[in-house]
Amino acid sequence: MGLVIAGERSGAGKTTVTLALLAALNTSNTSAPDAVVQSFKVGPDYIDPMFHQAVTERPCYNLDPVLTSAAYIRRCYQQNAQTVPYALVEGVMGLFDGAGGYQDWGSTADVARSLDLPILLVIDASRLSHSVAAIVHGYTTLDPRLQCAGVVLNRVGSDRHLTLLKEAIAPLKIPVLGVLRRHQEIELPSRHLGLVPTAELADFKQVLNRLAVLGQTCFDWERLRPLLRSLPRLRQFRQD
């Protein structure tokens with residue numbers, strides 16, 4: 001199978017969540033030799049894949065139906081995901097933000113549909129309480145072809161704040177699979193082109209260690225691990 005990490009908008013924290021999950025899986029190599037994860041990135045972005053590769057020590061593959069084709073991204077995912085136990089795709093911008101002019105072409109949603117993968121939706125909850133329910137409801141029902149496996153609540157301020165968020169989401173029957181508090185020490189520096197490349201971060205090793213700890217402690221691994229697990233033999237995708 002595999003899992004797509006999507007944000008409700010740019011800056012929601014999907015890269016932090018992605019790196020934390022990758023770091024946690026990679027760190028578990030010491031006790032579980034088969035715990036290897038293959039990462040992918042939606043779109044032509046080249047900086048985020050640098051971070052993926054620095055964490056996993058494996059190449060990260062771009063999935064861009066705009067510059068390539070839907071058939072290519074299916075083939076690329078199939079060929080590379082089936083060689084490892086786990087597969088994870090980081091989205092781009094907000095879930096439905098695409099190339100424009102043709103619905104959500106090239107968006108994270110477009111890629112998730114093409115690969116028939118479930119979505120983990122990352123929400124910036126820093127300025128939300130009960131309104132989070134409207135966001136989750138909208139994102140999970142706008143396109144019935146998409147499967148939302150759960151949500152990650154990012155930048156949660158307190159236990160009380162978390163309680164309000166969970167109470168709001170509960171009636172929707174969408175599981176909360178991760179909770180990240182407001183950890184300023186894991187904020188990755190950025191500039192106009194995106195994140196600052198790993199080679200320019202003197203303390204990246206320390207950041208990576210903190211991300212691994214977050215990955216190991218902030219997610220519901222009992223539910224996440226089966227979603228991330230890639231089948232040894234993936235079904236053949238249609239070639240249109």
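Side notes on the structure shown:
- Residue in the range 41-49 that is of a type in the set (A, V, I, L, M, F, W, C) and assigned to a strand (DSSP E or B) present: yes
- Residues that are in a helix (DSSP H, G or I) and either surrounded by fewer than 18 Cβ atoms within 10 Å (Cβ to Cβ) or touching an Asp or Glu at 6+ places or on another chain (Cβ under 9 Å) (or both) within the range 51-73 comprise H52, Q53, A70, A71, Y72, I73, listed in sequence order.
- Being hydroxyl-bearing (S, T, Y), under 14 Å from the mean Cα position of the chain (by Cα), modelled with pLDDT of 95 or more and buried (at least 17 other Cβ atoms within 10 Å of the Cβ) is a description that applies to S107.
- Top-ranked residue of the range 93-136 - restricted to ones that are touching a Pro at 6+ places or on another chain (Cβ under 9 Å) and outside any loop (DSSP other than H, G, I, E, B), ranked as nearest to R181 (Cα to Cα): A133
- Within this structure, S129 fails the test of being at pLDDT 95 or above, surrounded by fewer than 22 Cβ atoms within 10 Å (Cβ to Cβ), closer than 20 Å to L228 by Cα and of a type in the set (S, T, N, Q).
The values are calculated or read from the model by the stated rules, or taken from the named source; none is laboratory data. Predicted, not measured: the structure shown is a model, and the values here were computed from it. So basically every Cβ, Gly included, is an ideal-geometry build from the backbone, and we count neighbours across all protein chains shown.
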